[in-house]
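Below you'll find the structure, written out as structure tokens, and then a few comments.
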Amino acid sequence: MLNTAMLHLPEIGQFALILAFIMAVLQVIIPLFGVNRGQLWLMGYARPLAVGQALFLVISLVLLATSFVMDDFSVAYVAANSNSLLPTPYKISAVWGAHEGSLLLWVTMLGLWGVAVALLSRSLPLDMVARVLSIMGMVSVGFILFTLETSNPFARILPSPPQDGADLNPLLQDFGLIVHPPTLYMGYVGLSVAFAFALAALMSGRLDAAWARWSRPWTTAAWIFLTVGIALGSWWAYYELGWGGWWFWDPVENASLMPWLVATALLHSLAVTEKRGLFKSWTVLLAIFAFSLSLLGTFLVRSGVLTSVHAFASDPERGVFILALLGICVGGSLLLYALKAPTVASVGRYDVVSRETALLVNNLLLVVMALAVLTGTLYPLVYDFMGLGKLSVGAAWFNTMFVPLTVALALLMGVGAMTRWKSDRVSRLGGQLWIAGVLAIVFAIVVALLLSEAVNGSVVLGLGISFWLIFATCADVWKKSRGRLGKIPSLGVSYLGMVIAHVGVAVTIIGVTMVSNYSIDKSVRMVPGQVETLGDYQFEFTEAGTIDGPNYTSQATRFNLYKEGKNIEVLTAEKRRYHARGSVMTEAAIDVTLFRDVYISMGEALEGDAWGMRLQVKPYMRWVWLGAIFMSLGGFMAVLDKRYRRRQKKEKLA
Amino acid sequence: MHPQRKKRLHLILFLVLAVASAVGLAMYSLSQNINLFQTPTQIANGEVPPGRTIRAGGLVVEGSVERDQQGLGVTFRVTDGQSEVPVFYDGILPDLFREGQGIVALGEVNTEGLFVASEVLAKHDENYMPPEVQAALEQAHQDGKAQMEAAAKEASY
Amino acid sequence: MNRLLLFIPLVIFALMGLVFWVGLGIEDKTSLPSPLIGKPFPEFELGVVEDGRTLTTKDLQGQPALVNVWATWCPTCKAEHAFLNELAEQGIRIIGINYKDDVMKARDWLKAYGNPYAYNLSDPQGKLGLELGVYGAPETFLIDSEGIIRGKHIGDLNPVVWESLGKQFGEMQ
């Protein structure tokens, strides 16, 4: 048997991590020193050091993954999160299955974003590159040190390593978990680029349109990863947790939503700063907040400090370190902001009715949403700290907060995209948009009536704002292309990206409205042969049996799904018992179409052949995530826009 | 005042008003929507008014789980080591629901002192004890000790 | 715009940090010392994993020992086990409480990974664990020769933890 203990791979991995740390320290010092002294050759070190740091981080991560694949249980982290029976893809995803490995993945991604900045910044002035990479290096130094000091994933259990590992938490043994955390992390970490650009601009005192233009594609790229990551997380929770819920407002989800909301605000604020040179201080502040919330999301939540105070008490070293690190990172950047942000009011003038105002209100709404999530997440903790007792803030509260804010935001989005910079007239906008408004109301009422006899107010509202958003956006496209379809492509990739992203928001709202108002479910006791009806569907419980998986055995139930007497699908739901930990997981059986999901999950075995079963029909479930795909596609188109590169070249010539 | 300035002042006033109302809405609904965690002892002592949605939790008492013959209804008792509270739940229990396991339930106490749960949570990690349950056990433990000590003191006088 | 206004975010952040810091400090003080320290070990009458004989609280007395709460379903216990083996080799008396576990599984485990315990009390329902205020495995108690609880550690034992715990244990002997 191959043994990594003999090859010393974990030690090499740790050594690579230490080398990466040294590289990061150099990446902080040398370029910044060069900027101070005006020495170009010192600034020039920023790029190769960023590449070198990333290289060693990748080596370190690959070696940890190798220890997993080769079942080296002498590595404590491998022993705690893997098992010889675990299928290989899960052995690899187990690398980020717990705290230590997630942290290593996080710093590696930070390194890779650094490489991206180093390679794609040819048109940037060298002193700016040096500052940006130096700031990213500071973040790296902090978190690599944190990894090495408190959360070393390469620590060994010697001299007597366990024979086998404790296995990966079965919840995490799933395709969703292979892709979801890395995507989300790419988003979190990507916001460090926008953060670094903002701080670099503050340091140099050049908070100008050029800075905003450089920041925009990076912010958008990080935002795309966040959007996809959040959608993947929701999809994973939906099919893997066995409840059919797709958003739980739990601290981990909230932690990913907050940076997304602030990053969305940042995207829009950057647009104003680039086009009109306004809101500079505000934009910088948003960039700092977005990254701070990412840090809060990844570390406080992941390490359990946010969810339970006891986690902090039981591991004070890690807790103190992370709080200190957050304090330095956030406090330091806010101090720099306080000292260096421009105090002179922006020169640009704008009216109350203008795109600037629309985007300002958009920012305000998004930030209030983020604050609401933050309040709901921290409130139980603060309450507990004060010794007032334990409580939880229920989903109902978050919904109460989000519905009015989303309605306001969607109404504004329809108008905002069409409003002119500087100054516009209500009468002009009204003239363009009244048809869209009337159509949206009529459509919403008609559709709601078709769906059910009694008009459901929240359905009309949800559909109304979605239709409004779609129609208003289409009206704008129509207007701009002067009614000729052939002209649409020439409107510009980033404009069309915005159109698609906004339509995506509408699609998600439609999905959320439909699935929360028209989902039906039923918990029943069923024996083989029994047929249950739910909505338009008949569920026939045909048989129960067992299935042997690679590292689990499952009890399974098979169903024939009928609609109008026709057998449309055979579905198999499972309840898996994983050998290593003896833990049980529910695998739901889901039949998917664009317009509805049929969801079957197994409850407990009752006496005889009977099973408690949960049957659900969820209309338009897929639209919730489809909207997110639209949004990220829109973002992708905006990043592709050549405008950013072309203008940068011009500037270089000038 | 300059008309431009005036317009902007109106805008700022409007925004402040909007934020204030959002905060007001938040605070109001926060007071309506928080679910306090109550220990079995608090419920048994009648400290929880019936009909109020709360979270309760503790260990499921061994041998207390009884199922309906027909549907999915189930009754069991939860304890914090000091008092027990009967719980009724109609629905699918989570995978890790087991006798002796720590659970948290969302629901309300009815007039007969039965806790009617609308949701039962047991975490997916067997190593993990819901923090509220942990605290409840600790509290009951300390109270129990204090009572015993007080009783011992009295006896010795 | 006034420069001072720009300090507002920093001040808010600092206040939040302060609340967290103070809160965590309070939590540390109230939760860490176990209410059991200085009290006698709770009464029990339990079977032994290895051979099935029944033992009571009296059997704990005689010499200081570590009482280690563990289970086969607990991954951290597996991580800690090697270190327990080491301690046993140094002649430290360790008594196990096999917490909410299956006796057969426990026996297999001890066969596979070695048995550092003088003996293991089987606590399948976790009743003794409840008495001890155990939240999860592993937890370790220090008891003196009279069977009085002198110390407690939540989480795995490792060389770092043992530095202070071992000192305390040495003083008892």
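Annotations
- In terms of Cα atoms, the Rg and Dmax of the stretch A:343-454 work out to 20.0, 59 Å.
- For the stretch A:111-125, putting each phi into the Karplus relation 6.51 cos²θ - 1.76 cosθ + 1.60 with θ = phi - 60° gives couplings of x, 5, 4, x, 4, 4, 4, 4, 7, 9, 10, 4, 8, 7, x Hz, in residue order, rounded to whole numbers and with x for Gly and Pro.
- Our note on the geometry: Cα centres of the stretch A:7-32 and the stretch C:118-173, 39 Å apart.
- Cut-off 11 Å between beta-carbons: net charge of the residues surrounding A:TYR239, Lys and Arg +1, Asp and Glu -1: -4
- For C:GLY96, residues with placed amide H under 5 Å, excluding near neighbours: C:ASN68, C:ALA118, C:TYR119, C:ASN120, C:LEU121
- Of all DSSP bridge pairs formed entirely within the stretch C:36-172, close to 60 percent run antiparallel.
- The stretch A:1-160: projected area of the alpha-carbon convex hull, averaged over directions, in nm²: 9.7 nm²
- Percent of Cα pairs exceeding the 34 Å cut-off, where the set is chain A: 51 percent
- Taking trypsin sites (Lys or Arg not before Pro) across the stretch A:414-495, the ones in a DSSP loop with at most 11 further Cβ atoms lying within 10 angstrom of their Cβ are A:ARG482, A:ARG484.
- Fully extended contour minus Cα-Cα distance, from C:THR57 to C:ALA14, at 0.36 nm per residue: 10.3 nm
- Ordering of A:440-448, A:464-472 by burial proxy (mean other Cβ atoms within 10 Å per residue, highest first): A:464-472, A:440-448
- For chain A: relative contact order, % (alpha-carbon pairs under 8 angstrom, 6 or more apart): 12 percent
- Highest-fluctuation residue, C:PRO64, C:PRO159, C:PRO116 considered, GNM on chain C with Cα pairs under 10 Å: C:PRO159
- Partner chain coverage, peptide B:19-31 - average Cβ within 10 angstrom: 4
- Were the residues from A:PHE636 through A:THR88 laid out at 0.36 nm apart, the gain over their Cα-Cα distance would be 194.1 nm.
- 3J(HN,Hα) along the stretch A:263-274, derived from phi through the Karplus expression 6.51 cos²θ - 1.76 cosθ + 1.60 where θ = phi - 60°, amounts to 5, 4, 4, 4, 3, 6, 5, 4, 4, 5, 5, 5 Hz, with x in place of Gly and Pro.
- Two-site FRET efficiency, A:LEU491 against A:VAL527, from Cβ-Cβ distance with R₀ of 56 Å, rounded to 0.05: 0.40
- Anisotropy class of the stretch B:34-120 from Cα gyration tensor, a/c 1.5 cut: prolate
- Placed amide H near A:ILE568: partners under 5 Å, 5+ positions off or other chain: A:LEU561, A:TYR562, A:LYS563
- Under 5 Å between amide hydrogens, built in the peptide plane, is the criterion, and for B:GLY58 it picks out B:ILE103 among residues at least 5 positions away or on other chains.
- Nearest-0.05 FRET efficiency for A:SER481 and A:ALA396, computed from C-beta distance (R0 45 Å): 0.55
- Mean ellipticity per residue at 222 nm, deg cm²/dmol - from DSSP H runs of n ≥ 4 across chain A, formula -39500 (n - 2.57): -21500 deg cm²/dmol
- Simple label model, 7 Å out from Cα along Cβ direction - A:VAL447 to A:LEU119, nm: 4.3 nm
- Highest-first arrangement of A:34-42, A:324-332, where packing means the average Cβ count within 10 Å: A:324-332, A:34-42
- Among C:TRP162, C:TRP21, C:TRP109: highest mean-square fluctuation, GNM of chain C, C-alpha pairs under 10 Å: C:TRP21
- Tensor-based shape of the stretch C:36-172 (alpha-carbon gyration tensor, a/c under 1.5 rounded, otherwise prolate or oblate): rounded
- Share antiparallel - DSSP beta bridges, the protein assembly as shown, percent rounded to 5: 85 percent
- Cα gyration tensor, the stretch A:492-604 - rounded (a/c under 1.5), prolate or oblate: oblate
- Part-to-part distance (alpha-carbon centres) for the stretch A:492-546 and the stretch B:20-89, which is given in Å: 30 Å
- Net +/- balance of residues flanking A:TYR337 in space, Cβ distance below 12 Å, scoring K and R +1, D and E -1: +3
- Local charge for C:GLN90 was computed over the other residues whose Cβ lies under 15 Å away, with Lys and Arg +1 and Asp and Glu -1, and equals -1.
- Applying 1/(1 + (r/R0)^6) with r as the Cβ-Cβ distance of A:VAL426 and B:SER31 and R0 = 51 angstrom yields a FRET efficiency of 0.85.
- If the chain linking A:VAL352 and A:VAL69 were pulled fully straight, counting 0.36 nm for each residue of separation and taking away their Cα-Cα distance, it would gain 95.8 nm.
The numbers here are math on the coordinates, done by the rules we state, and not lab data. These numbers were taken from a predicted model, which means no experiment stands behind them. Cβ atoms come from the backbone with ideal geometry, glycine included; neighbour counts cover every protein chain shown.
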